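First the structure, in the form of structure tokens, and then the observations on it.
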Amino acid sequence: MPRLSMTDHSLLATLQRGDWFATLPAPLQQRILDAGEQIDLTEGERLFAKGDAPDGLYCVLQGTVRISTVNEAGREMIVALLEPPHWFGEIALFDNEPRTHDAWATADTCLLRLAQRKLENMLELHPQDWLYFGRLLTRKLRAVFSAMEDMALTPPTARLARRLVNMADGFGTLAEGSQRTITVSQEALGSMLSLSRQTINQSLKELEVAGAIRRMRGAIVIVEIDRLIGRGSE
């Protein structure tokens, strides 16, 4: 897939795959495009670190971004793997506080960046736009509450099924349908769900036997999304 540029029609097409951007008023969509700039990262390159000053809002156009944190013992916990057209970084837009996690490119990645100062100037001129960025933030908050509930109350296989469903539809961000192939390792799934690799492996086997998924090296193929949703509700 060729690199996207700000003059490429595929940029708008990628952004409109996301439910949040697709439902914005046309003038706000245009303001975002006018304020945006392309950022390219190579695999393994860090975008920002926990504690960094906020530098704007991002959307993944190509590749994957890993949001994670490292404890004092050096163990990394993966919070999320973000693929197109996922937006992130909106928390700091509201509180202007330091970044809460690290962000790494796990593949060659292209991002749309809205610089903090440009966003603030845009919102000063168009204060009604705060509503739409607030909706982006509350979607993330709802996802966090759901994940906390799953962690406390849901058995491992059902928790894994729910996470795969969420990843398939971009955590509710995709405007139409869901993706069939999720690029993720068992280690990453275990880190995101606080489950051992052995537990993840066993749960994946159960989902595969049920005809919901097919395992591949470094990826999960969704065979039957309704079966996966059903296992997530058990």
Original post:
Which one of the conditions (1) touching a strand residue (DSSP E or B) at 6+ places or on another chain (Cβ under 8 Å); (2) at pLDDT below 80 does Gly172 fail to meet, given that it meets all the rest?
Top reply: (1)
**OP:** From (1) within 22 Å of Phe21 (Cα to Cα); (2) touching a Phe, Trp or Tyr at 6+ places or on another chain (Cβ under 6 Å), pick out the condition that doesn't hold for Leu119.
**Re:** (2)
Subject >> Number of the exception - Lys118 against (1) in contact with a Lys or Arg (Cβ under 6 Å, 6 or more places away or on another chain); (2) part of a helix (DSSP H, G or I) >> reply: (1)
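Evaluate region 195-211: report whether one residue or more is of a type outside the set (D, E, K, R) and closer than 16 Å to Val79 by Cβ. Full working, then the answer.
Step one: of region 195-211, the residues of a type outside the set (D, E, K, R) are 195-196, 198-204, 207, 209-211.
Next, from what is left, pick out any that are closer than 16 Å to Val79 by Cβ: 195.
Yes; the residues of region 195-211 include at least one that is of a type outside the set (D, E, K, R) and closer than 16 Å to Val79 by Cβ.
Just the residues that are of a type outside the set (S, T, N, Q) and either under 18 Å from Gly190 (Cβ atoms) or open to solvent by 20 Å² or more (accessible area, probe 1.4 Å) (or both), please, taken from region 83-98. Lay out the reasoning, then the answer.
So in region 83-98, the residues of a type outside the set (S, T, N, Q) come out as 83-95, 97-98.
Within region 83-98, Glu83, Pro84, Ile91, Phe94, Asp95, Glu97, Pro98 qualify.
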**OP:** Kindly list the number of the only condition in (1) under 23 Å from Gly232 (Cβ atoms); (2) out of contact with any helix residue (DSSP H, G or I) (no Cβ under 8 Å at 6 or more places or on another chain); (3) of a type in the set (D, E, K, R); (4) in contact (Cβ under 8 Å) with a residue 40 or more places away in the chain that fails for Asp108.
**Re:** (1)
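Which residue out of Ala147, Ala152 is free of Cβ contacts under 8 Å to residues at least 24 places away in the same chain, open to solvent by less than 40 Å² (accessible area, probe 1.4 Å), among the small types (Gly, Ala, Ser) and within 30 Å of Arg217 (Cα to Cα)?
On the way: Ala152 fails: open to solvent by less than 40 Å² (accessible area, probe 1.4 Å).
Result of the check over Ala147, Ala152: Ala147.
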Original post:
Restricting region 122-141 to residues that are open to solvent by 30 Å² or more (accessible area, probe 1.4 Å) and without any contact (Cβ under 8 Å) to a residue 12 or more places away in the chain, which is farthest from Thr199 (Cα to Cα)?
Top reply: Leu125
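Which one of Ala13, Ala73, Ala53 is open to solvent by 30 Å² or more (accessible area, probe 1.4 Å), over 25 Å from Asn166 (Cβ atoms), of a type in the set (Gly, Ala, Ser) and free of Cβ contacts under 8 Å to residues at least 40 places away in the same chain? Talk me through it step by step, then tell me what you get.
Working: Ala13 fails: over 25 Å from Asn166 (Cβ atoms); Ala53 fails: free of Cβ contacts under 8 Å to residues at least 40 places away in the same chain.
That would be Ala73, the only listed residue that is open to solvent by 30 Å² or more (accessible area, probe 1.4 Å), over 25 Å from Asn166 (Cβ atoms), of a type in the set (Gly, Ala, Ser) and free of Cβ contacts under 8 Å to residues at least 40 places away in the same chain.
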Original post:
If you scan region 24-47, which residues turn out to be hydrophobic (A, V, I, L, M, F, W, C) and either farther than 14 Å from Arg99 by Cα or open to solvent by less than 20 Å² (accessible area, probe 1.4 Å) (or both)?
Top reply: Leu24, Ala26, Leu28, Ile32, Leu33, Ala35, Ile39, Leu41
**OP:** Can you tell me which residue within region 184-201, out of those that are touching a residue at least 24 places away in the same chain (Cβ under 8 Å) and of a type outside the set (Val, Ile, Thr), is most open to solvent (accessible area, probe 1.4 Å)?
**Re:** Ser194
**OP:** Considering each residue of region 215-231, count those that are loosely packed, with under 15 Cβ neighbours inside 10 Å and either among the polar types (S, T, N, Q) or over 20 Å from Pro155 (Cα atoms) (or both), and give that number.
**Re:** 7
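The values are calculated or read from the model by the stated rules, or taken from the named source; none is laboratory data. Predicted model only: the values in this text are computed from it and were never measured. For neighbour counting, all protein chains shown are included, and Cβ atoms are generated from backbone atoms with ideal geometry for every residue, glycine included. Note: accessible area is taken over every heavy atom of the protein model, side chains too, but ligands, DNA and RNA are not part of it. Shrake-Rupley method; radii C 1.70, N 1.55, O 1.52, S 1.80 Å.
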